[in-house]
Amino acid sequence: MASRRKLLLKIIILGDSGVGKTALMNQYVNKKFSNQYKATIGADFLTKEVMVDNRIVTLQIWDTAGQERFQSLGVAFYRGADGCILVFDTTSMNSFASLDAWRDEFLIQSSPKNTENFPFVVLGNKIDLENRAVSTKRAQKWCQTKNNIPYFETSAKEAVNVEQAFETIAKSAIALEKEEIYNDFPGDIILDRDNKPNNGAACNC
Amino acid sequence: MSSSAPGGLEGPFKFPNSPEPQSSSSSFVVPYIEEERPESPAKHGLDEKDFEKLVLGSDFVDESNVDEDCNVAQELKKYKYNIFVLSSAGKPVYSRYGNEDKLSTLFGVMQVLVSFIQDSNDVLKSIRCNGCTFTFLSKGPLILVSVAKTQQSDTQLLSQLTYVYNQVISVVTLSRLTKIFEQKCNYDLRRLLSGSERLIDQLLVFMETDYAFLLGAVRVLPLAPTARDDISNIIVSACSKIKNLVFALLIANNQLITLVRMKKYELQPSDLHLLFNLVNSSESFKTAESWTPICLPLFNPSGFLHCHVSYLSEDCQACLMLLTVDHDLFYTLSTAKQKIVETLRRKGSLKDINDALALKPISASELGIYGLRHFMCKSRKHPQFWSSRVDTPYDTPEEVEHLMSLYQNLHQHVHHPTRPLKLCYQQMDSEIMLGHITAEYEFYFTFEPLVTKSDAISAAGRLPSVWLKDDEEKKKFIFTDPTF
Ligand SMILES: Nc1nc2c(ncn2[C@@H]2O[C@H](COP(=O)(O)OP(=O)(O)OP(=O)(O)O)[C@@H](O)[C@H]2O)c(=O)[nH]1
Ligand SMILES: [Mg+2]
């Protein structure tokens with residue numbers, strides 16, 4: 001087996017307060033669920049080692065607080081993220097409506113190189129509950145308009161689709177990482193149409 | 001007990017166009033003005049009728065507006081200590097009980113009261129009527145009001161409001177608060193505070209039940225000085241190279257184990273209380289390493305410190321807080337924390353902490369001093385205190401509350417603003433209270449009611465030598481001052 005370097009991926013979980021971000025993370029990392037709500041204060045940090053595509057990957061997961069007061073303080077941990085999980089509560093229309101703002105805020109604060117292809121995944125959580133307010137169709141449609149973000153309907157309580165969701169974000173983050181490494185490599189020389197020699201000062205950015 | 005409102009309120013105090021009550025349905029009469037007429041408002045040119053009108057305003061009297069749970073009169077009468085926070089525009093920010101939205105009339109009235117007096121370049125400090133004290137604190141864009149049926153002094157009531165104000169600042173910072181209201185004076189601050197009401201709720205309970213606030217000090221986890229020094233040294237050596245780390249503190253079960261600080265910077269007791277309160281009211285810290293902003297108003301009201309919060313380990317429930325001004329320091333602090341825990345474990349410090357946590361504080365009766373029920377001791381040099389276990393006859397929550405009110409009363413006499421006392425003896429209905437200030441300590445005692453004055457005073461004099469003998473003093477208080 002090729003001795004590839006160990007990969008570390010930084011994943012941020014965002015969404016309104018109470019949608020189940022901490023519950024999803026707890027289900028994923030500790031296989032536990034609690035009905036009790038303990039608001040996240042600031043951000044919680046957890047790590048988990050997983051095998052993705054035959055490769056050991058350490059996921060650094062930042063479970064952020066949805067409360068409004070923490071929102072503009074995200075900068076420090078959004079920066080350098082490899083993937084972002086957007087969560088809403090399928091029983092709350094408001095939490096779904098907030099997705100746009102969460103995504104925009106994230107893209108502004110983290111300023112990834114490639115906003116078009118940045119790895120997102122959207123989770124509609126709490127599908128075990130009866131009082132559904134956001135239809136699958138509606139959620140899927142939103143995801144399509146945002147460059148086909150993968151969408152999962154999850155239940156942190158009953159461990160539905162939680163593994164799959166985290167695996168998907170890990171995979172797309174790895175894919176993007178590969179791509180970026182490739183892109184970072186000095187590319188072939190592209191000659192100008194009028195064949196002026198490239199003296200390296202052409203870029204004034 | 002004097003019942004005059006403090007502060008000279010000389011200015012004219014009139015109410016333009018106070019709405020006439022449409023009916024005087026008795027169920028909406030605010031209870032505290034039913035029997036006795038309010039003294040203070042009358043003193044300051046506000047006649048009773050005006051006051052009544054103002055407080056009862058037309059909305060209050062319109063029955064259709066008032067359902068069972070928003071009956072303001074009931075609301076005010078129901079609680080021993082209630083507190084309201086509103087913006088200077090009169091918008092609700094927080095109320096301890098009930099739904100702020102339903103109390104909006106009351107908030108309006110409070111705003112009017114405060115701003116009327118402000119208009120005459122004066123400050124409304126308190127109104128006392130029918131066993132209730134309304135205390136007002138107007139700070140920047142916020143107005144804080146408490147309604148207390150307790151016997152606390154004005155200073156104590158004001159200090160509670162200041163704590164709540166500081167708690168709000170700690171969540172949003174003063175600079176943000178000021179800026180927000182400069183831009184939008186009708187801003188609904190509940191948006192920013194949502195989720196942190198719990199911090200205020202908890203702070204109020206903390207103030208009512210813990211002597212720390214009354215004494216302006218923190219509890220210390222008793223530890224042998226060498227054990228404590230080991231812990232401090234381990235923290236210092238793991239952190240000394242980290243730039244911008246301002247404070248490191250270790251807290252367990254509401255007691256301070258150690259506090260290491262950057263030279264030049266100190267942590268005031270009231271800021272420490274806010275940190276204790278944060279830890280006490282945030283269950284979520286127990287499950288993961290957290291990174292959270294917190295503003296400490298006395299340290300610096302205009303900005304956030306970033307705090308790495310984590311419990312040491314599954315088998316040692318002490319909480320480590322590393323506070324820095326650098327928002328990018330998380331990973332550095334996370335590594336330092338791991339190093340700290342490893343070393344603490346290797347040197348046996350985790351065991352020392354656990355052993356100390358397992359020991360309950362002694363009961364006053366174990367000291368063999370006749371008639372002594374309870375006592376506490378505060379260091380005058382360091383903001384630290386110790387109190388004996390609360391024991392029989394203070395077994396019920398009501399009894400514990402009663403004991404608190406006795407100490408509040410004793411404390412206010414000992415620390416009288418103009419006439420402080422070195423020795424204060426109070427014969428109360430069912431106990432004797434004694435305050436004794438020595439060069440190093442403040443002692444507060446509760447005795448059986450039948451103990452004679454001379455016995456009580458001589459016991460008080462003897463206690464330090466019994467209780468602080470050998471190395472006990474150095475275990476119960478932290479005299480060292482470790483720095484990075
Ligand atoms: N029935 C059900 N309840 C859930 C599910 N996920 C979370 N909850 C509950 O929803 C509440 C909030 O969950 P949290 O995970 O703490 O919410 P959060 O998004 O982390 O909230 P903040 O930390 O305030 O941002 C808790 O009481 C959970 O038990 C789910 O899949 N099904
Ligand atoms: Mg959470």
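The values are calculated or read from the model by the stated rules, or taken from the named source; none is laboratory data. Quantities reported herein were computed from a predicted structural model and do not represent experimental measurements. Cβ sites come from the backbone with ideal geometry, for glycine too, and all protein chains shown count toward neighbours. Note: accessible area is taken over every heavy atom of the protein model, side chains too, but ligands, DNA and RNA are not part of it. Shrake-Rupley method; radii C 1.70, N 1.55, O 1.52, S 1.80 Å.
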One residue is enough: does segment B:174-196 have a residue meeting the conditions among the aromatic types (Phe, Trp, Tyr) and not in a helix (DSSP H, G or I)?
yes
A:GLY20 fails exactly one of (1) more than 9 Å from ligand 2 (Cβ to nearest atom); (2) farther than 13 Å from B:SER284 by Cβ; (3) surrounded by 22 or more Cβ atoms within 10 Å (Cβ to Cβ), namely (1)
Here the residues within segment B:282-295 that are in a helix (DSSP H, G or I) and either facing another protein chain (nearest Cβ under 7 Å) or open to solvent by less than 10 Å² (accessible area, probe 1.4 Å) (or both) are B:GLU283, B:SER284, B:PHE285
Exactly one of B:PHE447, B:PHE477 is open to solvent by less than 70 Å² (accessible area, probe 1.4 Å) and in contact with a Ser or Thr (Cβ under 8 Å, 6 or more places away or on another chain), and that one is B:PHE477
Can you confirm whether A:ILE11 is within 16 Å of the chain's Cα centre (by Cα) and more than 13 Å from ligand 2 (Cβ to nearest atom)?
yes
Contact list, first residue from segment A:10-39 and over 16 Å from B:GLY195 (Cβ atoms), second anywhere and among the polar types (S, T, N, Q) and more than 7 Å from ligand 1 (Cβ to nearest atom), beta-carbon distance below 6 Å, six or more apart or interchain, is A:LYS10/A:GLN60; A:LYS32/A:ASN26; A:PHE33/A:GLN27
The condition from (1) polar (S, T, N, Q); (2) under 24 Å from B:ARG380 (Cβ atoms); (3) within 16 Å of ligand 2 (Cβ to nearest atom) that B:SER290 misses is numbered (2)
Of the candidates B:PRO397, B:PRO482, the one satisfying the condition of being farther than 30 Å from B:LYS264 by Cβ and out of contact with any Pro (no Cβ under 7 Å at 6 or more places or on another chain) is B:PRO397
Take A:ASP44 and decide whether it is within 14 Å of ligand 2 (Cβ to nearest atom), closer than 19 Å to A:ASP100 by Cα and at pLDDT 90 or above. no
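Results for (1) among the aromatic types (Phe, Trp, Tyr); (2) modelled with pLDDT under 95; (3) more than 16 Å from ligand 2 (Cβ to nearest atom); (4) buried (at least 21 other Cβ atoms within 10 Å of the Cβ), shown as yes or no for each residue.
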residue: A:ARG79; (1), (2), (3), (4): no, yes, yes, no
residue: A:VAL87; (1), (2), (3), (4): no, no, no, yes
residue: A:THR90; (1), (2), (3), (4): no, no, yes, yes
residue: A:GLN109; (1), (2), (3), (4): no, yes, yes, no
residue: A:PHE120; (1), (2), (3), (4): yes, no, yes, yes
Could you please let me know if A:ASP104 is open to solvent by 30 Å² or more (accessible area, probe 1.4 Å), modelled with pLDDT of 90 or more and more than 11 Å from every other protein chain (Cβ to nearest Cβ)? yes
For segment A:107-157 the number of residues that are assigned to a loop (DSSP other than H, G, I, E, B) and within 22 Å of A:GLU167 (Cβ to Cβ) is 16
Within segment A:36-94, residues facing chain B (nearest Cβ under 9 Å) and near ligand 1 (Cβ under 9 Å from one of its atoms) come out as A:GLN36, A:LYS38, A:ALA39, A:THR40, A:ILE41, A:ASP44, A:ASP63, A:ALA65, A:GLY66, A:GLN67, A:PHE70
Of (1) open to solvent by less than 10 Å² (accessible area, probe 1.4 Å); (2) more than 16 Å from ligand 2 (Cβ to nearest atom); (3) at pLDDT below 90; (4) of a type outside the set (Val, Ile, Thr), A:LEU59 satisfies every one except (3)
For segment B:329-357 the number of residues that are modelled with pLDDT under 95 and open to solvent by 80 Å² or more (accessible area, probe 1.4 Å) is 1
Filter pass, B:LEU161 being assigned to a helix (DSSP H, G or I), under 21 Å from B:PRO293 (Cβ atoms) and within 22 Å of the chain's Cα centre (by Cα)
no
The one condition B:PHE276 fails out of (1) more than 12 Å from chain A (Cβ to nearest Cβ); (2) more than 18 Å from A:LYS38 (Cα to Cα); (3) under 22 Å from the mean Cα position of the chain (by Cα) is (2)
(request) Test B:HIS327 against the stated conditions and say whether it is in contact with a Pro (Cβ under 9 Å, 6 or more places away or on another chain) and of a type outside the set (A, V, I, L, M). (result) yes
Kindly evaluate B:SER302 against the criterion of being more than 16 Å from ligand 2 (Cβ to nearest atom) and either charged (D, E, K, R) or more than 8 Å from chain A (Cβ to nearest Cβ) (or both). yes
Is it the case that segment B:324-344 has a residue that's in a loop (DSSP other than H, G, I, E, B), within 14 Å of chain A (Cβ to nearest Cβ) and among the hydrophobic types (A, V, I, L, M, F, W, C)? yes
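Yes or no, residue by residue, for (1) β-branched (Val, Ile, Thr); (2) within 16 Å of ligand 2 (Cβ to nearest atom):
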{"position": "A:ILE127", "(1), (2)": "yes, no"}
{"position": "A:CYS143", "(1), (2)": "no, no"}
{"position": "A:PHE152", "(1), (2)": "no, no"}
{"position": "A:LYS157", "(1), (2)": "no, yes"}
